[in-house]
Amino acid sequence: MADYNAQPLERLIANFQKLSGVGRKGATRMAYQILGMDKAEAEEFGNAILAVHNQIHRCPVCQSFTEREICKICESPARDKSVICIVESPRDITTFEKTREYKGTYHVLHGLISPLDGIGVDQLTVKELLVRLNEDDVKEVIMATNPTVEGEATAMYLSRLIKPLGIKVTRLAYGLPVGSSLEFADEVTLFRALKGRTEI
């Protein structure tokens with residue numbers, strides 16, 4: 001702890017450092033920006049953080065985040081419920097929706113199988129996915145996990161679970177660079193990957 005900073009400021013810096021990819025310098029910069037706000041702005045900022053935790057929950061169908069009972073995508077009659085695109089994170093849904101081409105639904109795993117990080121199947125939403133596949137008339141599942149070792153392992157594991165159900169399992173084509181993240185893919189690359197998906 002830097003003893004030249006006031007304790008509340010140091011506490012704020014420490015909390016910003018808990019965010020992924022934020023180091024001491026970035027956390028300090030953000031903390032001073034908060035300190036520079038007037039009281040009303042600071043309260044609004046704090047209330048926005050509390051609202052995220054108090055008002056948002058997982059959609060019981062796709063496991064994405066929503067403030068509604070069921071998210072807009074799952075609720076929409078215009079979406080093709082026979083196709084489910086499996087993604088690692090709710091952020092990936094935003095990336096797909098920017099293409100304006102995909103008309104199916106989603107399922108969010110909230111992570112990938114990674115034994116080294118202590119993440120197994122039980123920490124993911126695999127049980128909820130299997131319930132959907134057994135209850136709904138699903139014809140195709142698209143594996144849209146990131147093209148990393150963990151993403152590939154997760155896709156292969158899920159494929160082995162789903163194929164015996166008589167459901168077609170496809171994988172995004174490799175228009176996406178290996179080792180990259182869906183979050184940073186541009187719309188054209190993602191659209192080509194979606195169009196060129198292959199069965200696994």
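A few comments on the model shown:
- Proportion of all alpha-carbon pairs of segment 70-139 beyond 14 Å (%): 63
- Loop trypsin sites (Lys or Arg not before Pro), segment 4-55 (other Cβ atoms within 10 Å of the site Cβ: 12 or fewer; DSSP): Lys18
- Helix 7-16 vs. the chain, principal-axis angle (Cα, 0 to 90°, nearest 10): 20
- Scalar couplings 3J(HN,Hα) for segment 94-102, obtained by applying the Karplus form with A = 6.51, B = -1.76, C = 1.60 to θ = phi - 60°, are 4, 4, 5, 5, 5, 6, 6, 10, 7 Hz; x denotes Gly and Pro.
- Stretch gain in nm, segment Ala173-Arg100, where the contour uses 0.36 nm per residue and the Cα spacing is subtracted: 24.5 nm
- Protection proxy ranking, highest mean first, for peptides 48-54, 150-156, 140-146, 165-171: 140-146, 150-156, 165-171, 48-54, where packing is the per-residue count of other beta-carbon atoms within 10 Å, averaged.
- Paramagnetic label zone (point 7 Å from Cα along Cα-to-C-beta, Ala51; backbone N under 14 Å) in segment 1-43: 41-43
- DSSP-defined beta bridges in the chain - what % are antiparallel, rounded to 5: 30
- In segment 1-82, the chymotrypsin sites (Phe, Trp or Tyr not before Pro) that fall in loop regions by DSSP, at most 13 other Cβ within 10 Å: Tyr4
- When Asp38, Asp137 are compared by accessible surface with a 1.4 Å probe, the order from highest to lowest is Asp137, Asp38.
- Whole-percent P(r), segment 56-179, all Cα pairs, 5 Å bins from 0: 2, 11, 21, 26, 21, 13, 5, 0, 0.
- Selection among Thr94, Ala155, Leu19 by position relative to the dipole of the chain gives Ala155 as farthest towards the positive end (Cβ unit charges, Cα centre).
- Net length gained if the chain between Asp80 and Ile34 were fully extended (0.36 nm per residue, minus Cα distance): 12.2 nm
- Under 5 Å between amide hydrogens, built in the peptide plane, is the criterion, and for Lys139 it picks out Val83 among residues at least 5 positions away or on other chains.
- Per the Debye formula on identical point scatterers at the alpha carbon atoms of segment 126-182, with no solvent, log10 I(q)/I(0) at q = 0.29 Å⁻¹ is -1.20.
- Per-residue Karplus couplings for segment 105-110, computed as 6.51 cos²θ - 1.76 cosθ + 1.60 with θ equal to phi - 60°, are listed in order as 10, 10, 9, 9, 7, 6 Hz, Gly and Pro entered as x.
The values are calculated or read from the model by the stated rules, or taken from the named source; none is laboratory data. None of these values were measured; they are calculated from a predicted model. Every residue, glycine as well, gets a Cβ built from its backbone with ideal geometry; the counts of neighbours run over all protein chains shown. Accessible surface is based on the protein model in full, side chains and every heavy atom, while ligands, DNA and RNA are left aside. Shrake-Rupley method; radii C 1.70, N 1.55, O 1.52, S 1.80 Å.
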